[in-house]
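> Have a look at the structure that comes next, please.
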Amino acid sequence: GGSTIRGVTLRLEERDEARLAGLEGPAQQMASRVVPRLAAAMGADELLDITGAHIDSCLYHGQAVLDFANRLADDGARVVVPTTLNVSSLDLLHPEHARGDPEEARLSRRLMERFEEMGCRPTWTCAPYQLEVRPGFGEQIAWAESNAIVFANSVLGARTNRYGDFADICCAVTGRAPAAGLHLDEHRRATVVIRMDGVSVDLLDRDVFYPVLGGLIGRLVGKAVPVVDGLEPGVSEDRLKALGAASASTGSVGMFHMVGSTPEAPTLEAALAGHRPVEEVTVTAADLRAARDRLSTTTDDDLRTVSLGTPHYSVAEIGRLVELLGDRRVHDGVAFFVSTGRDVLHEVELRGWVDRLADAGVSMVTDTCTYFTPIIQDVTGTAMTDSAKWAYYAPGNLGLEVVFGSTEDCVESAIVGRVVRDEGIWADA
């Protein structure tokens, strides 16, 4: 069959037509109206089957979000593919963190329940790729949450477009998605080549290089697919995660390649799929310093808050934090938060790290993120983070001043109670 929406003819299968006709009930009918309309808007001529979904609509942004979930759930909607849930607006495991409006908390909680009723897994993490089961290479999925999207496409080699609220759950309920954008080979090849020039080997070997480079790439390429060439192969998932999250915040990057580190870029030629790049960009040490400085809003060193774990920290990142702290304690005047998923929290609890961190004055946050949930009490003074994404969003969302630094900088600053940063690593090679 076929249907014409906005002048675009979309080939629909018999099961799509049956659902549109209401033969599988009102929830399938509604979701099956949304997905083809999205496909038409994207210029797709057909839908494809997905094997999984990740939902961002579970974050409470106001009554409309809950209305949509209520309508689907009341109509009996059930997801037909394994579906994980992004962060919510509440930390259910640590209710003592809650500082927001109780009525909004009640509505947030109700929203979470409605998505669970539809068969979604209560994972409450923005890093579903850190779960035990995750999509494989070439799998078609429908993921929302910008850092998860860029990680799935770039690092896992799975295939998803950038899905927003409501579209995500409709794809999960129908098991269908528009055959467009990053689902298709031709939109996955790199068009912009990025190389380093005069950047010290010391900086290239540090975690902090990756979020800063990502923040710079997002501003440079917007929605294009970049490829980073010339770095040592085998860059870790945590570093690739930081680069992707930053580039999806400062730009709209849904996929990047890194030669020798991401699965579709064994070589530069492979990443470009045999085409000539549209643009080639050389990044210098000065460019990186400027990109780092853009992530801070203040030079005030009066430190009140440290927030790590945007995207959610992995087991390895929490292990590194434990190592950096050693037997030292966070300064009395500093609130120190680390956000992670509950699956990762469970693993680090088994290792005894959560108790060690608590003894050092570090609070764990799960199920949510500190840049939009009112957890931070003191928004005066300076907040410090190792996350380019947190640095990008928190000032606007929370009205606080932020300093971006490496994880090492954040830990040293938290211990002395004022901002200290290692400037030496940013020098020219």
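The values are calculated or read from the model by the stated rules, or taken from the named source; none is laboratory data. Since the structure is predicted, the reported quantities are computational estimates derived from the model, not experimental observations. Virtual Cβ from ideal backbone geometry, glycine too; neighbours counted across all protein chains shown. Side chains are part of the model used for accessible areas, which takes the heavy atoms of the whole protein and leaves out ligands, DNA and RNA. Shrake-Rupley method; radii C 1.70, N 1.55, O 1.52, S 1.80 Å.
> Taking amide H positions as placed in the peptide plane 1.01 Å from N, state which residues far from W143 in sequence (5 or more) or on other chains have amide H under 5 Å from it.
H54, N161, Y163
> I'd like the orientation of helix 315-325 relative to the chain: the angle between its Cα long axis and the longest Cα principal axis, in ° from 0 to 90, rounded to 10.
10
> Projecting each Cα onto the charge dipole of the chain (Lys/Arg +1, Asp/Glu -1 at the beta carbon, about the Cα centre), which of W124, S32, G251 comes out farthest on the positive side?
Going by the charge dipole, the pick is S32.
> Check G341: other-chain or 5+ apart residues with amide H under 5 Å from its amide H, H built from backbone geometry?
Residues meeting the criterion, in which the H sits 1.01 Å from N, are Y313.
> If each Cα of the chain is one equal point scatterer, what is log10 of I(q)/I(0) from the Debye formula at q = 0.07, 0.12, 0.13 Å⁻¹?
Debye output, listed in q order: -0.34, -1.00, -1.15.
> So what does log10 I(q)/I(0) come out to for the range 314-394 at q = 0.21 Å⁻¹, using the Debye formula with one equal point on every Cα and no solvent?
Cα-only, vacuum Debye calculation for the range 314-394: -1.10.
> V306's amide H: which non-local residues (gap 5+, or another chain) put their own amide H closer than 5 Å, with H modeled 1.01 Å from N in plane and none for Pro or chain starts?
Residues meeting the criterion, in which the H sits 1.01 Å from N, are A335, F336, F337, M384.
> Quick one: Karplus J couplings for the range 71-81, per residue in order, coefficients 6.51, -1.76, 1.60, θ = phi - 60°, nearest Hz, x for Gly and Pro?
Rounded to whole hertz, the list is 4, 5, 5, 4, 7, x, 4, 9, 6, 10, 10.
> Next up: Place a point 7 Å from the Cα of T282 along the Cα-to-Cβ direction; which residues of the range 186-208 have their backbone N under 16 Å from it?
So the set is 193-200.
> Under 17 Å from a point 7 Å along the Cα-to-Cβ line of V201: which residues of the range 393-429 have their amide N that close?
425-429
> For the pair T380 and R15, what calculated FRET efficiency results from E = 1/(1 + (r/R0)^6), where r is the Cβ-Cβ distance and R0 = 41 Å, to the nearest 0.05?
Working: r = 57 Å, r/R0 = 1.39.
Taking R0 as 41 Å, the efficiency between R15 and T380 is 0.10.
> Sticking with this one: Could you sort D409, D300, D332 by accessible area so the largest value comes first, with the probe set to 1.4 Å?
On the way: D409 15, D300 70, D332 145 Å².
So, going from the largest accessible area down, we get D332, D300, D409.
> L184 to F372: extension gain in nm, 0.36 nm per residue of separation minus the Cα-Cα distance? It would help to have the intermediate numbers written out before the result.
Values: separation 188, 0.36 × 188 = 67.68 nm, distance 3.34 nm.
Gain in length upon complete extension: 64.3 nm.
> With the dipole of the chain worked out from charges on the C-beta (+1 for Lys and Arg, -1 for Asp and Glu) around the Cα centre, which of A270, G215, V403 lies farthest toward the positive end?
The residue sitting most towards the positive pole is A270.
> Here is a follow-up. Can you give the calculated 222 nm mean residue ellipticity of the chain, where each DSSP H run of n ≥ 4 adds -39,500 (n - 2.57) and the sum is split over every residue, rounded to the nearest 500 deg cm²/dmol?
Numbers: 16 runs with 159 residues, N = 429.
About -11000 deg cm²/dmol.
> Stokes-Einstein at 37 °C, 0.692 mPa s, Kirkwood radius from Cα pairs: D for the range 160-285 in µm² s⁻¹? Spell out each step's value before the answer.
Details: Rh = 15.2 Å.
So the translational diffusion coefficient is about 216 µm²/s.
> What's the center-to-center distance, using Cα atoms, between the range 366-401 and the range 43-117 in Å?
Comparing the Cα centres of the range 366-401 and the range 43-117, I get a distance of 22 Å.
> Follow-up question, since we're still on this one. How many nm is it between the label spots at R329 and H346, if each spot is 7 Å from the Cα in line with the beta carbon?
3.3
> Within the chain, what is the longest stretch that has no GluC sites (Glu not before Pro) placed in a DSSP loop and near at most 14 other beta-carbon atoms within 10 Å? Please report the intermediate quantities before stating the final value.
Numbers: sites that count: E13, E132, E423.
After excluding every exposed loop site, the longest remaining stretch is 133-422.
> Let me ask another. So if I place +1 on the C-beta of Lys and Arg and -1 on the C-beta of Asp and Glu, and nothing else carries charge, what would the dipole magnitude of the range 277-429 be about its Cα centre? I want it in debye, nearest 20. Write out the running numbers ahead of the final one.
Values: 13 positive and 26 negative charges, 56 e Å.
So the dipole magnitude of the range 277-429 works out to roughly 280 debye.
> A follow-up question, please. Report the residue, chosen from F256, F115, F137, that carries the largest GNM mean-square fluctuation when the chain is represented by alpha-carbon nodes joined by springs under 10 Å.
Per the Cα network of the chain with a 10 Å cutoff, F137 tops the list.
> Across the range 207-215, in residue order, what do the Karplus-derived ³J(HN,Hα) couplings come to in whole Hz, using 6.51 cos²θ - 1.76 cosθ + 1.60 with θ = phi - 60° and x for Gly and Pro?
Here the 3J(HN,Hα) series is 4, 5, 4, 6, x, 5, 4, x, x Hz.
> With only Lys, Arg, Asp and Glu charged, each at its Cβ (+1 for the first two, -1 for the last two), find how big the charge dipole of the chain is about the Cα centre; round to the nearest 20 debye.
Working: 40 positive and 63 negative charges, 200 e Å.
That gives a dipole near 960 debye.
> Moving on to the next point. Considering only I376, N86, G181, whose Cα is most displaced toward the positive end of the charge dipole of the chain, charges sitting on Cβ of Lys, Arg (+1) and Asp, Glu (-1)?
G181
> Related question: What percent do you get for the relative contact order of the range 1-131 when only Cα pairs under 8 Å and 6+ apart count?
Details: 167 pairs, mean separation 30.1, N = 131.
Value for the range 1-131: 23 percent.
> Based on Cβ point charges of +1 for Lys and Arg and -1 for Asp and Glu, what charge dipole magnitude is obtained for the range 15-60 about its Cα centre, in debye rounded to the nearest 20?
Numbers: 4 positive and 7 negative charges, 37 e Å.
For this selection, approximately 180 debye.
> Give the relative contact order (percent, whole number) for the chain; include only Cα pairs under 8 Å separated by 6+ residues. Spell out each step's value before the answer.
Values: 938 pairs, mean separation 70.1, N = 429.
16 percent.
> Next question. With θ set to phi - 60°, apply the Karplus curve 6.51 cos²θ - 1.76 cosθ + 1.60 along the range 161-175 and write out the HN-Hα couplings as whole Hz, x wherever there is a Gly or Pro.
Karplus values, whole Hz, x for Gly and Pro: 7, 8, 9, x, 4, 6, 4, 4, 5, 5, 5, 5, 6, 8, x.
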